[in-house]
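J.: Mind having a look at this structure? Questions to follow.
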Amino acid sequence: MRVFWVGAISLALGGQVAQAEQANTIIVMDGSGSMWGQINGRPKLEIARQTLAEVLVDFPPERGLGLLAYGHRRKGDCADIELLVVPESGTASQLLSRANAMRFLGKTPLTEAVRRAALDLHSTEEAATVILITDGLETCAGDPCALGRELEQSGVDFTAHVVGFGLQGAETAALECLALETGGGISMQATRAACATR
């Protein structure tokens, strides 16, 4: 599973994002309680943290990079979205430190989180890239597919890449649509994670 994550995130951070070399990037990190679920006996949050550490070593230091998280502070709160690292150059170590300190508690307002990331990147004025890392479906009545269409039709220079795991079948459709509507890429791991209790 670690190999999958390294390959998927490397593709998003490197190959796919290379088409907009000057684009600032925000990684949107799922901090919901489902991240305590396991894949092959390892918590998904542990896999995510380890892989981020490996991938960020090679992230171009001159490119603006930020971190936005959701569901990491409070249970049952769809407004629990926070920009943890402002997208600036040379933030890789700070981003990793904040990701390692995250708790995984709440719901999955991924649509509003991606919208917030787009606003934080000022995507109406310059190129912007969001990489959504998630294992779950929207649980706060948002529609990621509709958001993708909205951003694309508004004419903003915005691209959303999706790295998803623990999903299968129809569960992936909305996340795939978000990426496709904005010209982004998709990396999906179909293995369903076993639920872990905490």
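The values are calculated or read from the model by the stated rules, or taken from the named source; none is laboratory data. Everything quoted here is computed from the prediction, not taken from an experiment. Here the Cβ positions follow ideal geometry from the backbone for every residue, glycine too, while neighbour counts run over all protein chains shown. Quick note on the areas: whole protein, heavy atoms, side chains included, nothing else; ligands and nucleic acids left out. Shrake-Rupley method; radii C 1.70, N 1.55, O 1.52, S 1.80 Å.
J.: Given the criteria modelled with pLDDT of 90 or more, under 21 Å from Thr25 (Cα atoms) and part of a strand (DSSP E or B), does Leu67 qualify?
T.: Working: modelled with pLDDT of 90 or more: yes; under 21 Å from Thr25 (Cα atoms): yes; part of a strand (DSSP E or B): yes.
Judged against the criteria, Leu67 is a match.
J.: Please enumerate the residues belonging to region 98-135 that are touching a Leu at 6+ places or on another chain (Cβ under 6 Å) and part of a loop (DSSP other than H, G, I, E, B).
T.: Phe104 - this is the single residue of region 98-135 that is touching a Leu at 6+ places or on another chain (Cβ under 6 Å) and part of a loop (DSSP other than H, G, I, E, B).
J.: With respect to Pro61, determine if the residue is of a type outside the set (Lys, Arg), modelled with pLDDT of 80 or more and open to solvent by 40 Å² or more (accessible area, probe 1.4 Å). Steps first, answer last, please.
T.: Values: of a type outside the set (Lys, Arg): yes; modelled with pLDDT of 80 or more: yes; open to solvent by 40 Å² or more (accessible area, probe 1.4 Å): yes.
Spelling it out, Pro61 is indeed of a type outside the set (Lys, Arg), modelled with pLDDT of 80 or more and open to solvent by 40 Å² or more (accessible area, probe 1.4 Å).
J.: Give region 36-55 a look and list any residue that's closer than 14 Å to Ser93 by Cβ and open to solvent by less than 10 Å² (accessible area, probe 1.4 Å), or say none. Don't jump to the end; show me each part of the working.
T.: The first filter runs over region 36-55 and keeps only residues closer than 14 Å to Ser93 by Cβ, leaving 49, 52-55.
Answer for region 36-55, where residues must be closer than 14 Å to Ser93 by Cβ and open to solvent by less than 10 Å² (accessible area, probe 1.4 Å): just Leu52.
J.: Run Thr91 past the list (1) open to solvent by less than 40 Å² (accessible area, probe 1.4 Å); (2) farther than 21 Å from Val57 by Cα; (3) over 16 Å from the mean Cα position of the chain (by Cα); (4) not basic (Lys, Arg) and report the number of the one that doesn't hold.
T.: (2)
J.: Buried (at least 17 other Cβ atoms within 10 Å of the Cβ), more than 22 Å from Thr182 (Cβ to Cβ) and among the small types (Gly, Ala, Ser), is that true of Gly106?
T.: On the way: buried (at least 17 other Cβ atoms within 10 Å of the Cβ): yes; more than 22 Å from Thr182 (Cβ to Cβ): yes; among the small types (Gly, Ala, Ser): yes.
Criteria met by Gly106.
J.: What number goes with the only condition from (1) surrounded by fewer than 18 Cβ atoms within 10 Å (Cβ to Cβ); (2) modelled with pLDDT of 90 or more; (3) closer than 17 Å to Glu181 by Cα; (4) not acidic (Asp, Glu) that Thr124 does not pass?
T.: Only one criterion in (1) surrounded by fewer than 18 Cβ atoms within 10 Å (Cβ to Cβ); (2) modelled with pLDDT of 90 or more; (3) closer than 17 Å to Glu181 by Cα; (4) not acidic (Asp, Glu) is unmet by Thr124, namely (2).
J.: Could I ask something else about it? Considering only region 35-49, state which residues are under 19 Å from Tyr70 (Cα atoms) and touching a residue at least 24 places away in the same chain (Cβ under 8 Å). I'd like the intermediate steps shown before the answer.
T.: Step one: filter region 35-49 for residues under 19 Å from Tyr70 (Cα atoms), giving 35-37, 43-49.
Met35, Trp36, Gly37, Pro43, Lys44, Leu45, Ile47, Ala48, Arg49, listed by residue number.
J.: So which residues in region 21-35 are in contact with a strand residue (DSSP E or B) (Cβ under 6 Å, 6 or more places away or on another chain) and either open to solvent by less than 30 Å² (accessible area, probe 1.4 Å) or not in a strand (DSSP E or B) (or both), if there are any at all? Don't jump to the end; show me each part of the working.
T.: Narrowing region 21-35 to residues in contact with a strand residue (DSSP E or B) (Cβ under 6 Å, 6 or more places away or on another chain): 23-32.
Ala23, Thr25, Ile26, Ile27, Val28, Met29, Asp30, Gly31, Ser32 - these are the residues of region 21-35 that are in contact with a strand residue (DSSP E or B) (Cβ under 6 Å, 6 or more places away or on another chain) and either open to solvent by less than 30 Å² (accessible area, probe 1.4 Å) or not in a strand (DSSP E or B) (or both).
J.: Among the residues of region 146-179 satisfying the criterion of being open to solvent by 20 Å² or more (accessible area, probe 1.4 Å) and not in a helix (DSSP H, G or I), which is modelled with the lowest pLDDT?
T.: Looking at the filtered set, the residue picked out is Gln168.
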